[in-house]
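The values are calculated or read from the model by the stated rules, or taken from the named source; none is laboratory data. Quick caveat, the model's predicted, so the values are computed rather than measured. No Cβ is skipped: glycine too gets one built from the backbone with ideal geometry, and neighbour counts run over all protein chains shown. Keep in mind that these areas ignore ligands, DNA and RNA; they rest on the heavy atoms of the full protein, side chains included. Shrake-Rupley method; radii C 1.70, N 1.55, O 1.52, S 1.80 Å.
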Amino acid sequence: VMAYVTVNNEGPSQGFVMTNNIMEHNEYGVMGQGQGIGMPAINWFFPNGTFRRNILVGADVSRYPTDNFYPGKIDDIGFVNRLAQNYKLASNSPYKSSSTDGKDPGCDFDALAAAMTDTQPAPTPTPTPTPTPTPTPTPAPTPTPVPSPSPVSPQMVAGALSTAKTLAAATTTSTEAQIIPLVTSIEQAYSVFLNESGRFGSSASEIDMGLRASLYFARASLALAAKQSNAGVQNRLQIVAYRLEQAKGLMSPTTTQTASVQTAHAAGLSASLIIGSADTRSGASYAPTLAPASLGVILGDPAQSPLSVQTMNAAQSANGSLPYELAGVSVTFGGQAAALLSVSPSRITFLVPAGYTSSQAEVIVTLQEGYVSRGTASVAAIAPALFTADGTGTGAALALNAANFTTGTFDVSTQQNLSIDKRTRLVMYATGISGSSANTKTINDVSTEKGVITNLSESVTVEARTRDGRLYQLPVEFAGALGTVAGLDQLNIILTPELRAAGTVELTLIAGGQRSNSTIINVR
């Protein structure tokens, strides 16, 4: 397990290959002098190189190439017994046989053991030569001490601060093209600071916090600018300038903040800073994996760093769109601004950006009041999740009889059905289906006055399990986007006669080979 890789400033090198390794990212990861961490260093020092199928524990997925793996902690890898120093991958490891040659990533311990036990003939000893007397050397003069060079990061932070001040003072909203160089300069300054942090003594941790906060707000302003959302872009750039000036002052204690930046934030921002956690999960099941165009939830600790200073629900516009900033709050998901449904000090409900393709995402929550929280999220093309009645992802399903709109205990037949088929239809609610599931049977799509509604029933299965272990697949008449609420999917399923008097029945949704959380209905 490797701690980090550093590359020097001797220039680009062709033909670099780094595959199938297991590494802990720690503070630096892959870092190049003057280029930063991750992709900037890899692209500059190793143009056209190969960086694939590596496991980088704790790395920021947005900084590294695709086709690598980014578990949150070392025990997520699935070693046979790490505490006993057995670093082979267990049979149930998610990274089993995932290397470029179909083997396990990391060291081939069997091959290593075989090589270490391979016996070789002992070499013929070489006679010890008679030593030649060494003349006593003339003492060399003591060299004059050379002072160590000053750290570079303060100048880089000053450069980023200059850019941030210019953008923050603009009377018109800054654009993506203007903000991108700012984000890059902060990333580079921060990576160099990490290499020099030991030279800043007790101020290092506070400088680190300030630089990270400025980077997160800069990324948030870039994401909002990409959506042409004018409300929060300039506010976040002002916070970037404020935090960079704080960091610069700590790096060079003799400097003072400019009045313009101090005045802009004296009333709203605290000099102290905490970066809170953004625990990101499915909005239905609370599972740690989300799908594109699905509903997600972010959980935070308001006592540490509130996710919002007020509670507010978003109102969809006439065309069904949602805001990217709500009550001064924005969510940046994998570098993209996420549409928001609701915010509160401890919880945010948001829509995962459609078409997101990476397996992990950096999640940043920023507030106009200066609070910031950060986390990561796992993403899969399809991540089915069922809503429950109490909103916890477990227990009773959020379901109702489609004919009479009753909840509670269901019969397998409903006389109010208008058709001659009196089998009970249940309406259930889910997320994580319609964003990526294939519509392979367009003949069952639903035509309405407002257009055609895509029916994905052929791509999903609902499994029913009774208390005595019997297992049934229930017919699915409809599965797809509800339309009235972004990210919300609807299921119409049929209760079959075999479930009569079954009592508690456990329902699980299966889509794209992925299983949802299990929910419960009662059948009399």
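Length gain on complete extension for the stretch THR311 to THR392, per 0.36 nm per residue less the alpha carbon to alpha carbon distance?
On the way: separation 81, 0.36 × 81 = 29.16 nm, distance 1.94 nm.
Full-extension gain reported as 27.2 nm.
Amide H to amide H under 5 Å from LEU341: which residues, 5+ apart in sequence or cross-chain, H placed 1.01 Å off N in plane?
THR349, PHE350, LEU351
Using 20 Å as the cut-off for backbone N distance, which residues of the range 459-485 belong to the label zone defined by a point 7 Å from the Cα of ALA501 along Cα→Cβ?
465-472
What FRET efficiency would be calculated for the residue pair SER150, GLN14, taking the C-beta separation as r and a Förster radius of 35 Å, to the nearest 0.05?
After rounding, the FRET efficiency stands at 0.55.
Evaluate the relative contact order of the chain (contact order divided by residue number), counting alpha-carbon pairs under 8 angstrom at least 6 apart; express in whole percent.
9
5 Å is the cut-off here: which amide hydrogens, built 1.01 Å from N in the peptide plane, fall below it relative to ALA385, excluding neighbours closer than 5 in sequence?
THR431
Using per-residue counts of other Cβ atoms within 10 Å, averaged over each peptide, order 496-502, 233-239, 19-25 from highest down.
233-239, 19-25, 496-502
Reported to two decimal places, what Rg/Rh ratio describes the range 456-524 when computed on Cα atoms with Rh from the Kirkwood expression?
Numbers: Rg = 12.6 Å, Rh = 12.8 Å.
Rg/Rh for the range 456-524 comes to 0.99.
Could you give the DSSP H helices of the chain that reach 15 angstrom or more along their long axis (alpha carbon positions) and whose average Kyte-Doolittle hydropathy is no lower than -1.0?
153-168, 176-196, 204-226, 230-251
Sorted by packing (mean other beta-carbon atoms within 10 Å per residue), highest first, where do 423-431, 462-470, 299-307, 380-388 land?
380-388, 423-431, 299-307, 462-470
Stokes-Einstein diffusion coefficient for the range 371-524 at 37 °C in a medium of 0.692 mPa s, Rh from the Kirkwood formula over Cα pairs: what value in µm²/s? Mind dumping the intermediate values first?
Numbers: Rh = 16.3 Å.
Stokes-Einstein gives a translational diffusion coefficient of 202 µm²/s.
Using 7 Å Cα-to-Cβ label points, what is the SER91/SER321 separation (nm, one decimal)?
Calculated label separation equals 5.3 nm.
May I ask you to evaluate 6.51 cos²θ - 1.76 cosθ + 1.60, the Karplus curve with θ = phi - 60°, for each residue of the range 59-71 and list the ³J(HN,Hα) values in order in whole Hz, giving x for glycine and proline?
Going residue by residue, I get 6, 7, 4, 6, 9, 10, x, 6, 6, 10, 10, 9, x Hz, with x marking Gly and Pro.
What part of the accessible area of the chain, given as a whole %, is carbon or sulfur when the probe is 1.4 angstrom?
For the chain, the apolar C and S fraction of the accessible surface comes to 53 percent.
What does the chain give for Rg and for Dmax, in Å, if only its C-alpha atoms count?
Answer for the chain, Rg first and Dmax second: 29.1, 113 Å.
Sorted by mean Cβ packing within 10 Å, highest first, what order do the peptides 329-339, 96-106 take?
Descending mean neighbour count gives 329-339, 96-106.
Mind listing the phi-derived Karplus ³J(HN,Hα) values for the range 493-504, rounded to whole Hz, using 6.51, -1.76 and 1.60 with θ = phi - 60°, and x for any glycine or proline?
10, 10, 7, 7, x, 4, 8, 4, 6, 6, x, 6
Please count, across the chain, the pairs of lysine residues with Cα atoms under 19 Å apart that sit 8 or more places apart or on different chains.
Lysine pair count for the chain: 5.
How much accessible area per residue does the chain have, counting only protein heavy atoms and a probe of 1.4 Å, in square angstrom?
Value returned for the chain: 49 Å² of accessible area per residue.
What are the residues whose amide H is under 5 Å from the amide H of ILE453, where those residues sit 5 or more places off or on another chain and H is modelled from the backbone?
Amide H neighbours of ILE453, under 5 Å, 5+ apart: VAL446, SER447, THR448.
Output wanted: per-residue J couplings in Hz (rounded whole) for the range 13-24, from phi through Karplus 6.51 cos²θ - 1.76 cosθ + 1.60, θ = phi - 60°, x for Gly and Pro.
After applying 6.51 cos²θ - 1.76 cosθ + 1.60, I find 9, 7, x, 5, 10, 9, 9, 6, 8, 10, 9, 8 Hz.
Could you give the C-alpha radius of gyration of the range 63-120 expressed as a fraction of 2.2 N^0.38 Å, taking N as the number of residues it contains?
Relative to the rule-of-thumb radius for its length, the range 63-120 sits at 1.32.
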